[in-house]
Amino acid sequence: MNLQDFVFYSLAVMTVIAALGVITSRNPVNSALLLVFAFITSSGLWILLEAEFLALALVLVYVGAVMVLFLFVVMMLDINLDRLREGFWKWFPFGAVLGLIMAAEMGMVMLSKQFKPEVIGIPEAKLVDYSNTKELGLLIYTDYVYAFELAAVILLVAMVAAIAITVRNRTDKKPSDVAKQVAVTRNERLRIVSMPAEKKE
């Protein structure tokens, strides 16, 4: 066993242990932290697979943004843990059957001959300057540019909708109505007062 195999198996075992800790931990803060650890070890596996872009995106997007938001929400809200555990055993058989179905599907995919990955031959001269990030960017902005732009528009609409839903009119501050500000006329904001000129004595 060389160093690369040792690092791979070590990261794989840590990822599985962290994933099991996420679903078995009773404290939601510990579950979120274990999920962060699972993301970091998964990014290490992707680096071993020479998928640097996916590894950096996982760390920056999920660990740096999503999980920090989860931690803030979990720690700021007063969550009743006993109430959350009430329906665990009620839905456990359904979750177990669903997990077995997913495991069976993944096993069928991995053992089937139709789903074996196709090896793409890359010339040895190109391997020196080869970058999967560059190749991914070229693929996204050529063959999948419309799907990529559509996904970006959907995410933008979702972000604007989330902000619009969470905005509340506060009673302690006077809100500004942009539509009324734009539709205002000169007579509503400007009043000309005629005053006689003062004479200097």
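The values are calculated or read from the model by the stated rules, or taken from the named source; none is laboratory data. What you see is a predicted model, and the numbers here were worked out from it, not measured in a lab. All Cβ positions, even for glycine, are placed from backbone atoms using ideal geometry, and neighbour counts span all protein chains on display.
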Requested in this report: Scan 32, 38, 65, 51 and give me the residue that is among the small types (Gly, Ala, Ser) and surrounded by fewer than 17 Cβ atoms within 10 Å (Cβ to Cβ).
Outcome: 65
Query - Count of residues meeting criterion [farther than 25 Å from residue 58 by Cα and at pLDDT below 80] in region 92-114 - result: 3
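Does residue 58 qualify as being touching a Leu at 6+ places or on another chain (Cβ under 7 Å), on the phi < 0 side of the Ramachandran plot, free of Cβ contacts under 8 Å to residues at least 60 places away in the same chain and surrounded by 15 or more Cβ atoms within 10 Å (Cβ to Cβ)? Give the steps one after another, and end with the answer.
On the way: touching a Leu at 6+ places or on another chain (Cβ under 7 Å): no; on the phi < 0 side of the Ramachandran plot: yes; free of Cβ contacts under 8 Å to residues at least 60 places away in the same chain: yes; surrounded by 15 or more Cβ atoms within 10 Å (Cβ to Cβ): yes.
For residue 58, the condition - touching a Leu at 6+ places or on another chain (Cβ under 7 Å), on the phi < 0 side of the Ramachandran plot, free of Cβ contacts under 8 Å to residues at least 60 places away in the same chain and surrounded by 15 or more Cβ atoms within 10 Å (Cβ to Cβ) - is not met.
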Query raised in the report: Are there any pairs, at least 6 apart or on different chains, whose C-beta atoms fall under 6 Å, with the first in region 95-113 and surrounded by 10 or more Cβ atoms within 10 Å (Cβ to Cβ) and the second hydrophobic (A, V, I, L, M, F, W, C), and if so, which?
Result: 109/115
Query - Members of region 1-29 that are free of Cβ contacts under 8 Å to residues at least 24 places away in the same chain and surrounded by 13 or more Cβ atoms within 10 Å (Cβ to Cβ) - result: 17, 18, 19, 21, 22, 25
